[in-house]
1. Counting heavy atoms of the protein chains only and a 1.4 Å probe, report the per residue accessible area for the stretch 6-46 as a whole number of Å².
2. As I understand it, the value is the acute angle between the Cα axis of helix 2-55 and the longest principal axis of the Cα atoms of the chain; what does it come to in degrees, rounded to 10?
3. How much accessible area does Phe24 have with a 1.4 Å probe, in Å² rounded to the nearest 10?
4. To the nearest 20 Debye, how big is the dipole of the chain about its Cα centre, given +1 on the beta carbon of each Lys and Arg and -1 on that of each Asp and Glu?
5. Quick check: at a probe of 1.4 Å, how many percent of the accessible area of the chain sits on carbon and sulfur atoms?
6. Report the one residue of Val27, Ile17, Gly39 whose Cα lies farthest in the direction of the positive end of the charge dipole of the chain (charges on C-beta: Lys and Arg +1, Asp and Glu -1; origin at the Cα centre).
7. Please compute the volume of the convex hull spanned by the alpha-carbon atoms of the chain and report it per residue in Å³.
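The values are calculated or read from the model by the stated rules, or taken from the named source; none is laboratory data. The structure presented is a predicted model; accordingly, all values stated were derived computationally and were not measured. Cβ sites come from the backbone with ideal geometry, for glycine too, and all protein chains shown count toward neighbours. For accessibility, only protein heavy atoms count, side chains too; no ligands or nucleic acids. Shrake-Rupley method; radii C 1.70, N 1.55, O 1.52, S 1.80 Å.
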Amino acid sequence: MNTFMAIMSQLFWGVTIGALEAAFATVARGAIAAIGLGGAGWWVVRRRRAKRADKD
């Protein structure tokens, strides 16, 4: 019975750590995507303003 409990404990911690790692990776990917899209949008707005300023 002690061996069974040791195996179940290891399995529990493995699943828990795996789930936390997956959650962190998902949040990190989302943050990177948001930063990338925000930076691209800022760059486009900056270019449009510069073109408009050159035109006038």
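1. 83
2. So the inclination is approximately 0 degrees.
3. Using a 1.4 Å probe on the heavy atoms, I get roughly 150 Å².
4. Using Cβ point charges on Lys, Arg, Asp and Glu, the chain gives about 720 debye.
5. 70
6. Working it through, the farthest residue towards the positive pole turns out to be Gly39.
7. Cα-based convex hull of the chain, divided per residue, equals 26 Å³.
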